[in-house]
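Worksheet for the structure shown next.
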Amino acid sequence: MSFWLDLMFGSDVGLMSMLVIIATTVLICFYAGYFIYKVSKAGPNE
């Protein structure tokens, strides 16, 4: 476990890759939630 923590947070490259993964996950969740919200609020003619 300490190897993975050192690999992810011990260097700048590991930290940036973790930030990219987290940002991608947040964006996917946001767009999925927005899509579900728009579909649930849509009327029959939209």
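Just a few scattered comments:
- Remark: the chain carries 94 Å² of accessible area per residue (probe radius 1.4 Å; ligands, DNA and RNA excluded).
- Stretch gain in nm, segment L19-K38, where the contour uses 0.36 nm per residue and the Cα spacing is subtracted: 4.0 nm
- Apolar share of the accessible surface for the chain: 74 percent from carbon plus sulfur atoms, 1.4 Å probe.
- Note on the chain: helix-only mean residue ellipticity at 222 nm, from DSSP H runs of 4+ residues weighted -39500 (n - 2.57) and normalised by residue number, equals -28000 deg cm²/dmol.
The values are calculated or read from the model by the stated rules, or taken from the named source; none is laboratory data. Not measured: the values here are computed from a predicted model. Note: accessible area is taken over every heavy atom of the protein model, side chains too, but ligands, DNA and RNA are not part of it. Shrake-Rupley method; radii C 1.70, N 1.55, O 1.52, S 1.80 Å.
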